[in-house]
Every structure is written in structure tokens, then in C-alpha cells.
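Reviewing the structure listed below.
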Amino acid sequence: MNEITIEDSSSGVDLDSMINDHRELILIVEDNADTVFLLKQILLKAGFNVISALNGAEAIKKLSEYTPDLIILDIMMPEMDGWEAFQYFRKMGDVPVIIVSALEKKEDVVEGFRKGIDDYITKPFYNAEVVERIRAVLRRRPAQKELSHRIYPTSGLEIDFQNQEIIFQGQQVRLTPREFAVFTIIAKHAPNLVGYSTIMQAVWDEDSADARKRMKYLVYLIRKKLDQIAPGKDFLENIDRLGYRLLIGKSS
């Protein structure tokens, strides 16, 4: 029998192994690239999946997109430090957070626990200790819930899914249930374009001329309500014949 060889460069990917991958996902929030690389290698070797963010604002976006099982958070970061980011994390949901920081004074550690973190590790850290502390926190956590909030700090936009409320630049935007459904479909994909068909299927379970008219009218009403708060700033952009996208700012 002839031996079959497969060139690495042309090898396929077993999608089932990716789709059925139930390993915990860890979000690393750290502005030092070397530390991010080291933590990724430690966690990958331990069997975790990993993603990273270089600052708090980017971390908020990653949290909304991926809903990690646990967050490793540095404190001293540019643009948005760890404590400010942590406040947003807790507002969005109850994902466990472990601080990994060079701040090693007992007062810093105690302050972290007072704020509600799940654990605190000081730098330089021992690789095996990081892994075991993560596993200990994951064992204690309650069942994972969907995020209750989605926040876009640079735009002053907050979506409360549980209470179906929109806060825009500090003011409540009162939307009807249908308006809220349309808006949240667009917001969840931000800053990417959301096709008309995607919105209609999600809200009305159909793609028809009548549904498109209803959708466009609801978007018109949403825009009017946003414009009352921020006149002249169109945050809901229409890409003709394609769909809508929410302009949320480069950092959110």
C-alpha cells in the first residue's frame, strides 16, 4: 500500500473539533505585549482558549463579542486603567476577574477585593500558580449567564438587555419593543454592517417588501430619538441597498 503524505501548507481543518471546543476562554487585558505573549503560552499549554486586549476600552469590546469565562486584568494601562475597566465589566455581567499586577502593596490587594475582584496575583508571577488560581476561580463560579449590558464608552451608549433600556450620553432613550429589537441587532454587530435581510429575519422572521418598509420606518423613529439627544450626529448609518451600521467610535 502506498503511503499517503499530506503537505502541512495545504492541510485542511477539522471544523467539528473547533465548533465542539468546550474549553474555557480567558480574556487577557494587558498593555505589555511580552506579558500578553507569556500569559497566552501558559494558558494555551494548560488547555485554555485565549484572546487579548491592550487596554480597557478594547477589553469591553472583546467582552461583548466573545463572552469569556474569565478575565485576567492588569491595573496600570493607558486610555482606561484596570479599575475603570473593571467597573464596566461588572456592569455588563458577572464574568470572574483576576487582577495580575505589579502593584503589590497589601493596600492594593485589599482594595481589589473590596471592589469585588475574584483573585489577585502580583508580578512577577509563578506560571503554575496562575493556572491553578484560574482553575480555582472557575470551579467556584456560578453558571455562566449572558451579558446583561453592552457598553460603548467612546459613544456614551449603553444597552440594558434585561430591562430593554437604552442610555445614550447619560439620557434614557425610550424605544418600543420593536424599535429596541431592531436597534440591538444593529448594535450587537457594531461597527460592522448589518444587512437588511439579517435584521428582518431576526425581528419579523421574514424578508419581504412589507417587512423592509416597517424596518426603515422604525430606524427613522430611532434616529429621531437619538437626534433629540445629540442633534446632527447620525450614529445610525444607512448603507444604501445593503444595510445599517452603528458608528460607535474607533476605541469601543
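The values are calculated or read from the model by the stated rules, or taken from the named source; none is laboratory data. This one's a predicted model, so the numbers in the text were calculated from it and none came from an experiment. Note that each Cβ is placed from the backbone with ideal geometry, even for glycine, and that neighbours are counted across all protein chains shown.
Summary of values
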{"quantity": "Per-region count, the stretch 138-149, residues surrounded by 14 or more Cβ atoms within 10 Å (Cβ to Cβ) and at pLDDT 85 or above", "calculated": "1"}
{"quantity": "Number of positions in the stretch 214-240 that are farther than 17 Å from Pro177 by Cα and either without any contact (Cβ under 8 Å) to a residue 40 or more places away in the chain or out of contact with any Ser or Thr (no Cβ under 9 Å at 6 or more places or on another chain) (or both)", "calculated": "13"}
{"quantity": "Unique match (being of a type in the set (Lys, Arg), without any contact (Cβ under 8 Å) to a residue 24 or more places away in the chain and within 21 Å of Arg139 (Cβ to Cβ)) among Lys106, Lys45", "calculated": "Lys45"}
{"quantity": "Matching residues in the stretch 72-96 - criterion: being on the phi < 0 side of the Ramachandran plot and among the acidic types (Asp, Glu)", "calculated": "Asp74, Asp81, Glu84, Asp94"}
{"quantity": "All positions within the stretch 69-87 that are outside any loop (DSSP other than H, G, I, E, B) and among the aliphatic types (A, V, I, L, M)", "calculated": "Leu70, Ile71, Ile72, Leu73, Ala85"}
{"quantity": "Positions within the stretch 114-160 being of a type in the set (Phe, Trp, Tyr) and under 23 Å from the mean Cα position of the chain (by Cα), in sequence order", "calculated": "Tyr120, Tyr152"}
